[in-house]
Amino acid sequence: MRSLERHRDVGAYALGVLDEAEAFRFEDHLMECPSCAAQVTEFGPAARQLMLYRRSTPQLVHPLAKPGPRMLDRLLSQVAARKRTGRRRMLFALAASVVCAVSAPAVAIVAGDGGTTAVRIAATDERSGVWARITTEDEAWGSHVELQVKDGAGPRTCRLVVVGRDGSEETAASWSVPRHDARPHTMRGGSALHSEEIVRYEVRTAQGEHLVTLRPR
């Protein structure tokens, strides 16, 4: 039997009309042809319905209507391998999402006052333990900035530094962190730069120690 003829025998095999020799040869072909194996699986329900309709006729259903044991073993092995691959891919994706959730800033678009659009960014620095969230809204003169910070390492004085795409820096707000106070504190400030001109925001101490970075996407 030529390869093309074997491809065409999918329906005959599913209906069990091949003789024993042809069925065995087709099963050998199925072991090397995932396409035909998939078609046999798809034809299964339709073949069973046809067999039910044919029960009222004197025609006989071939005993090889079901896949043979060799083909079943091969198909079961392929299904198990695909399931293992799927689980590995799911675990890799889950691990990647956890890493992103821990290390990457979360960015959201929110509705601002007067129908304007505001951008909200949040991030936590693993080294310093400082959490910060910035909400920015563009104005004609630049951008309005609202900052929330959780910092339990006070007392110390901190500032929010806006870094432009051209490398320029400006201080948008400054504040004092009380001693052992991890509650979120809110500060408001502004920048002469618009949001599209800003590459990142940095929370630093007055001495220049870096505490957390927030990057718009």
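Multiplying the residue separation of Q148 and E169 by 0.36 nm and removing their Cα-Cα distance gives an extension gain of 5.6 nm.
Under a Cβ-Cβ cut-off of 10 Å, what is the net charge of the residues other than T117 that fall near it, where Lys and Arg count +1 and Asp and Glu count -1?
On the way: positive: none; negative: E137, D138.
That sum, taken over residues with Cβ under 10 Å, equals -2.
For the pair R179 and E20, the difference between a 0.36 nm per residue extended length and the Cα-Cα distance amounts to 48.6 nm.
Quick note: the coordinates plus some simple rules give every number you see, no bench work behind them. What you see is a predicted model; the values in this text were computed from it and never measured. Neighbour counts are summed over all protein chains in view; Cβ atoms, including those assigned to glycine, are modelled from backbone coordinates with ideal geometry.
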